[in-house]
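Notes for the one structure printed next.
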Amino acid sequence: MEDFFNSVERFVKEQITPHINDWDEAGEFPKSLYRTAGELGLLGLGYPEELGGFECSLADRLKLSNLICKAGSGGLLAGLFSHNIGLPPLINHGSEALVQSIAPAVLRGELISALAITEPTGGSDVANLKTRADLVQVEGQPHYRINGEKVFITSGVRADWLTVAVRTGEPGAKGISVIMVPGNSKGLTRTPLKKMGWWMSDTAALHFQDVLVPASNLVGVENKGFRIVMENFNTERLMLSGASVGFARVCFEEALDWAQNRQTFGKRLMDHQVIAHKLADMRMRIRATEAWFDDTLARIDRGDISDQLIADICLLKNMATQTMQHCAGEAVQILGGMGFMRGTKSERIYRETKVMSIGGGAEEIMKELAIRQLKW
Ligand SMILES: Cc1cc2nc3c(=O)[nH]c(=O)nc-3n(C[C@H](O)[C@H](O)[C@H](O)COP(=O)(O)OP(=O)(O)OC[C@H]3O[C@@H](n4cnc5c(N)ncnc54)[C@H](O)[C@@H]3O)c2cc1C
């Protein structure tokens, strides 16, 4: 494993970091990066060997994500690894034939996978989603005909496969299903969206007009999709928490380096107590969040699947994103005017903080969910 992580570190240093600013300005990273990452085994980490992945602990997956964080771009992480939210529902609940026809190619970096849950009428209230899928016969074969809209979908334009949550039944959580939809389906329109941060990540609005997919593209059982969507969120929230601490650390390191080298009023910035205290506070929040994070991983390793654990994952996401926000804000302040300039890691991460406390379950919703799990 050590060799693997060394090669990832080299890959990030040589093939990602030097291009990060250009890719962000261009609003995309090269599609060829999926293949390179696939060949290196980055995309398959944590996935079953029979699908071309290699199984490892959650801690190792997070270590990988931290190494990618060092390049200082959440947009890259979100885009290159969008399969980490798109594939698990399929792998955990899809038919063998469906899994085999999609997952190995995604893990090799030949195909791109995305998850489409959020709709223009709301993302937090998943149980009320409106995109409809109706069972119809086409040339004697059962198909789903999909109509509706999705929004803010990461890798939405690029995706070869979209894992889509749809309404197949009654209103509410009991009428939701998950269906695999090819990105090039007739009747599917994909529009790129401009945003505050994550510039290099493809974020799209999707419009489904009478999109037909074979009924065999259903993932799991019809109308039982809500659970699949929720189960996926736990891992996503952990990964977002891990990345948030990773980015907090990047900001801290950039600010520390700056403070140790910049001179004002005849001494290093670091030697002004106000600045040194800012750095101490940043380290304090990072260390506290890391400790909570490690504790959560240890509980998962011990097989804890309690409601308390789910509640703590929700609150950990809030803690981690607040740590990232604090550290990005302070790092920009310590860098002064340079922190406001495009090209520093802290400037980019500062623009990316908000999406971390909105995506994958917004801060307010995390508290609501935690309170419900704790049965207060
Ligand atoms: C860059 C980016 C990438 C994304 N990628 C994906 C993706 O790949 N796939 C996908 O499906 N989605 C994706 N999302 C969507 C994201 O998950 C949603 O934005 C998020 O879940 C919030 O949904 P919403 O934007 O509709 O806000 P809403 O649900 O409308 O909520 C708006 C605000 O009100 C608050 N709020 C809502 N209900 C309550 C309540 N009951 N009590 C208190 N406060 C409440 C929320 O916390 C939020 O702050 C992405 C979003 C962004 C910005």
Order these peptides, 153-161, 334-342, by their mean beta-carbon neighbour count within 10 angstrom, highest first. 153-161, 334-342
Could you put Val332, Val12, Val164 in order, starting from the residue whose Cβ has the fewest other Cβ atoms within 10 Å? Val12, Val332, Val164
Once the cut-off is 23 Å, how many percent of the Cα-Cα pairs in segment 227-374 end up in the long-distance tail? 40
Using only alpha carbon positions, build the gyration tensor of the chain, then give the equivalent ellipsoid semi-axes as the square roots of 5 times its eigenvalues, largest first, whole angstrom. 37, 22, 20
Which of the peptides 249-257, 52-60 is most tightly packed, and how do the rest follow, going by the mean number of other Cβ atoms within 10 Å of each residue? 249-257, 52-60
Wrap a convex hull around the Cα atoms of segment 1-65, take a quarter of its surface area, and give that in square nanometres. 4.7
What order, most packed first, do the peptides 62-70, 133-141, 121-129, 230-238 have when packing is the mean number of other Cβ atoms within 10 Å of each residue? 62-70, 230-238, 121-129, 133-141
Which of Ala243, Ala298, Ala114 fluctuates most in a GNM of the chain (C-alpha springs under 10 Å)? That residue is Ala298
Given H placed 1.01 Å from N in the peptide plane, which residues other than close sequence neighbours of Glu119 have an amide H under 5 Å from its amide H? Val151
Considering every pair of different Cα atoms, what Kirkwood radius, in Å, is found for segment 113-221? 14.0
Counting other Cβ atoms within 10 Å of each Cβ, which trypsin sites (Lys or Arg not before Pro) in segment 97-155 have at most 14 and sit in a DSSP loop? Lys130
Going down the table (Lys130/Lys375; Lys224/Lys375; Lys31/Lys367; Lys150/Lys317; Lys63/Lys174; Lys278/Lys367), which pairs top 26 Å between alpha carbons? Lys130/Lys375; Lys31/Lys367; Lys63/Lys174; Lys278/Lys367
Distance between the C-alpha centers of segment 42-56 and segment 225-278? Whole Å please. 29
Per residue of segment 190-197, in order, report the coupling 6.51 cos²θ - 1.76 cosθ + 1.60 (Karplus, θ = phi - 60°) as ³J(HN,Hα) in whole Hz, putting x for Gly and Pro. 10, 10, x, 10, 8, 8, 5, x
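Values quoted throughout were computed directly from the atomic coordinates according to the rules given, and no laboratory measurement underlies them. This one's a predicted model, so the numbers in the text were calculated from it and none came from an experiment. Cβ sites come from the backbone with ideal geometry, for glycine too, and all protein chains shown count toward neighbours.
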